[in-house]
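Data block below; observations after.
The values are calculated or read from the model by the stated rules, or taken from the named source; none is laboratory data. As the structure is a prediction and not an experimental result, all values here were calculated from the model. All Cβ positions, even for glycine, are placed from backbone atoms using ideal geometry, and neighbour counts span all protein chains on display. What goes into the accessible areas is simple: the full protein's heavy atoms, side chains included, and nothing from ligands, DNA or RNA. Shrake-Rupley method; radii C 1.70, N 1.55, O 1.52, S 1.80 Å.
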Amino acid sequence: KESTGEFENFKRMLPMAAELGASLFRVQQGGPNGFLAQDYHYRKAAYFIDRCAEEAEAYGIRVALEIHNQSILETTDDCKRLLQYIRQDNVGFIHDAGNMYITDTDYGRESVLQLGSRLLHVHVKDELRIAEAGAAGSFNNLTRHGEEA
(Lines give C-alpha, C1' and ligand atoms only; values in the text may rest on other atoms or scores of the structure.)
Protein backbone atom coordinates (compact mmCIF):
# COMPACT_ATOMS: atom_id res chain seq x y z
CA LYS A 1 0.00 0.00 0.00
CA GLU A 2 1.31 3.43 -0.94
CA SER A 3 1.85 6.00 1.77
CA THR A 4 -0.21 8.78 0.19
CA GLY A 5 0.09 10.92 3.31
CA GLU A 6 3.87 11.08 2.99
CA PHE A 7 3.66 11.88 -0.72
CA GLU A 8 1.13 14.64 -0.03
CA ASN A 9 3.44 16.06 2.66
CA PHE A 10 6.30 15.99 0.16
CA LYS A 11 4.25 17.88 -2.44
CA ARG A 12 3.12 20.40 0.16
CA MET A 13 6.69 21.14 1.26
CA LEU A 14 8.22 21.40 -2.23
CA PRO A 15 7.12 25.02 -2.89
CA MET A 16 8.51 26.03 0.50
CA ALA A 17 11.82 24.31 -0.25
CA ALA A 18 11.99 26.12 -3.59
CA GLU A 19 11.16 29.45 -1.93
CA LEU A 20 14.11 28.89 0.42
CA GLY A 21 16.39 28.17 -2.55
CA ALA A 22 16.87 24.47 -1.83
CA SER A 23 18.48 22.48 -4.60
CA LEU A 24 18.07 19.10 -2.87
CA PHE A 25 15.19 17.47 -1.04
CA ARG A 26 15.96 14.37 1.01
CA VAL A 27 13.45 11.56 0.68
CA GLN A 28 13.41 8.44 2.89
CA GLN A 29 13.70 5.30 0.79
CA GLY A 30 12.43 2.96 3.51
CA GLY A 31 13.42 -0.54 4.47
CA PRO A 32 14.13 -3.32 5.13
CA ASN A 33 17.91 -3.44 5.51
CA GLY A 34 19.72 -3.66 2.20
CA PHE A 35 21.02 -7.13 2.99
CA LEU A 36 17.42 -8.32 3.50
CA ALA A 37 15.76 -6.39 0.65
CA GLN A 38 14.30 -8.14 -2.37
CA ASP A 39 13.72 -6.70 -5.86
CA TYR A 40 10.12 -6.00 -4.82
CA HIS A 41 11.35 -3.52 -2.17
CA TYR A 42 13.54 -1.72 -4.71
CA ARG A 43 10.76 -1.53 -7.30
CA LYS A 44 8.31 -0.20 -4.70
CA ALA A 45 10.80 2.42 -3.50
CA ALA A 46 11.64 3.43 -7.07
CA TYR A 47 7.97 3.98 -7.87
CA PHE A 48 7.56 6.41 -4.98
CA ILE A 49 10.94 8.11 -5.59
CA ASP A 50 10.16 8.61 -9.28
CA ARG A 51 6.86 10.27 -8.36
CA CYS A 52 8.68 12.58 -5.95
CA ALA A 53 11.35 13.35 -8.54
CA GLU A 54 8.72 14.23 -11.16
CA GLU A 55 7.15 16.72 -8.75
CA ALA A 56 10.55 18.13 -7.69
CA GLU A 57 11.70 18.62 -11.27
CA ALA A 58 9.13 21.37 -11.75
CA TYR A 59 10.93 23.34 -9.03
CA GLY A 60 14.46 22.58 -10.23
CA ILE A 61 15.05 20.42 -7.16
CA ARG A 62 16.86 17.08 -7.06
CA VAL A 63 15.75 14.20 -4.84
CA ALA A 64 18.49 13.01 -2.48
CA LEU A 65 18.53 9.53 -0.94
CA GLU A 66 20.84 8.99 2.02
CA ILE A 67 22.89 5.83 2.32
CA HIS A 68 21.63 4.82 5.72
CA ASN A 69 21.78 1.78 7.93
CA GLN A 70 18.50 -0.08 8.35
CA SER A 71 17.24 1.04 4.93
CA ILE A 72 17.38 -0.55 1.49
CA LEU A 73 20.38 1.71 0.77
CA GLU A 74 23.17 0.59 3.08
CA THR A 75 25.92 0.31 0.44
CA THR A 76 26.84 1.78 -2.92
CA ASP A 77 25.87 -1.58 -4.47
CA ASP A 78 22.39 -1.07 -3.00
CA CYS A 79 22.31 2.36 -4.67
CA LYS A 80 23.23 0.86 -8.03
CA ARG A 81 20.55 -1.79 -7.56
CA LEU A 82 17.88 0.86 -6.91
CA LEU A 83 19.03 2.92 -9.90
CA GLN A 84 18.06 0.03 -12.18
CA TYR A 85 14.43 0.90 -11.39
CA ILE A 86 14.67 4.72 -11.22
CA ARG A 87 13.54 6.54 -14.37
CA GLN A 88 14.17 10.13 -13.30
CA ASP A 89 17.56 11.82 -13.79
CA ASN A 90 17.15 14.24 -10.88
CA VAL A 91 17.67 11.53 -8.25
CA GLY A 92 20.98 11.00 -6.49
CA PHE A 93 22.60 9.98 -3.25
CA ILE A 94 23.97 11.33 -0.01
CA HIS A 95 27.14 9.43 0.79
CA ASP A 96 27.09 8.96 4.58
CA ALA A 97 30.38 7.46 5.75
CA GLY A 98 29.14 7.13 9.34
CA ASN A 99 26.15 5.04 8.35
CA MET A 100 28.32 2.97 6.04
CA TYR A 101 30.73 2.36 8.92
CA ILE A 102 27.81 1.09 10.99
CA THR A 103 26.87 -1.40 8.25
CA ASP A 104 30.52 -2.44 7.87
CA THR A 105 30.83 -1.56 4.22
CA ASP A 106 33.47 0.39 2.28
CA TYR A 107 33.01 4.12 2.84
CA GLY A 108 36.30 5.28 1.35
CA ARG A 109 37.34 6.86 -1.92
CA GLU A 110 36.13 3.99 -4.12
CA SER A 111 32.63 4.14 -2.64
CA VAL A 112 32.46 7.86 -3.43
CA LEU A 113 33.64 7.27 -6.99
CA GLN A 114 31.08 4.47 -7.51
CA LEU A 115 28.24 6.97 -7.12
CA GLY A 116 29.62 9.06 -9.98
CA SER A 117 27.29 11.79 -11.21
CA ARG A 118 24.59 10.57 -8.81
CA LEU A 119 26.61 11.79 -5.80
CA LEU A 120 24.75 14.85 -4.51
CA HIS A 121 26.13 15.37 -1.02
CA VAL A 122 28.60 13.90 1.46
CA HIS A 123 27.65 13.50 5.12
CA VAL A 124 30.35 12.68 7.70
CA LYS A 125 30.01 12.09 11.43
CA ASP A 126 31.82 10.27 14.23
CA GLU A 127 30.89 6.65 14.89
CA LEU A 128 32.55 4.07 17.09
CA ARG A 129 31.73 0.42 17.67
CA ILE A 130 31.57 -0.39 21.37
CA ALA A 131 32.06 -3.67 23.20
CA GLU A 132 28.79 -3.66 25.09
CA ALA A 133 25.45 -1.94 24.75
CA GLY A 134 24.22 0.65 27.19
CA ALA A 135 27.09 3.15 27.18
CA ALA A 136 26.09 6.81 27.01
CA GLY A 137 25.17 7.77 23.46
CA SER A 138 25.16 4.19 22.25
CA PHE A 139 22.44 2.41 20.30
CA ASN A 140 21.76 -1.06 18.94
CA ASN A 141 21.43 -1.72 15.25
CA LEU A 142 20.63 -4.67 13.03
CA THR A 143 23.48 -5.27 10.58
CA ARG A 144 24.46 -8.18 8.37
CA HIS A 145 26.45 -9.39 11.41
CA GLY A 146 23.34 -9.45 13.63
CA GLU A 147 22.34 -7.09 16.44
CA GLU A 148 25.28 -4.78 17.22
CA ALA A 149 25.96 -1.95 19.70
Scanning the range 102-114 for residues that are assigned to a helix (DSSP H, G or I) and not β-branched (Val, Ile, Thr), the one surrounded by the most Cβ atoms within 10 Å (Cβ to Cβ) turns out to be 111
Residue 34 passes all but one of the listed conditions (1) at pLDDT below 95; (2) farther than 30 Å from residue 144 by Cβ; (3) crowded, with 20+ Cβ neighbours inside 10 Å; the exception is number (2)
Scanning the range 10-31 for residues that are modelled with pLDDT of 95 or more and in a loop (DSSP other than H, G, I, E, B) gives 20, 21, 22, 23, 27
Checked 70, 84 against criteria (out of contact with any His (no Cβ under 9 Å at 6 or more places or on another chain), open to solvent by 80 Å² or more (accessible area, probe 1.4 Å) and within 15 Å of residue 28 (Cα to Cα)); the one match is 70
- [ ] Kindly indicate whether residue 17 is in contact with a strand residue (DSSP E or B) (Cβ under 7 Å, 6 or more places away or on another chain), buried (at least 20 other Cβ atoms within 10 Å of the Cβ) and closer than 21 Å to residue 5 by Cα.
- [x] no
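Out of 24, 65, which single residue is closer than 27 Å to residue 126 by Cβ, open to solvent by less than 10 Å² (accessible area, probe 1.4 Å) and of a type outside the set (Asp, Glu)?
65
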| field | Filter result for residue 99 (assigned to a loop (DSSP other than H, G, I, E, B) and farther than 22 Å from residue 23 by Cα) | value | no
Query raised in the report: Does residue 73 satisfy the condition of being among the hydrophobic types (A, V, I, L, M, F, W, C), in a helix (DSSP H, G or I) and within 15 Å of the chain's Cα centre (by Cα)?
Result: no
Scanning the range 115-129 for residues that are open to solvent by 70 Å² or more (accessible area, probe 1.4 Å) and either hydrophobic (A, V, I, L, M, F, W, C) or part of a helix (DSSP H, G or I) (or both) gives 117, 122, 124, 128
Result of the Cβ filter at 7 Å on the range 7-32, keeping first residues that are within 24 Å of residue 78 (Cα to Cα) and partners that are surrounded by fewer than 16 Cβ atoms within 10 Å (Cβ to Cβ) and of a type outside the set (D, E, K, R), at least 6 apart or interchain, is 24/121
I'd like to check something: does the range 44-58 contain any residue that is open to solvent by 10 Å² or more (accessible area, probe 1.4 Å), touching a residue at least 24 places away in the same chain (Cβ under 8 Å), under 21 Å from residue 129 (Cβ atoms) and of a type outside the set (Phe, Trp, Tyr)? no
Scanning the range 32-63 for residues that are under 17 Å from the mean Cα position of the chain (by Cα), part of a loop (DSSP other than H, G, I, E, B) and more than 14 Å from residue 91 (Cβ to Cβ) gives 32, 33, 34, 35, 36, 37, 38
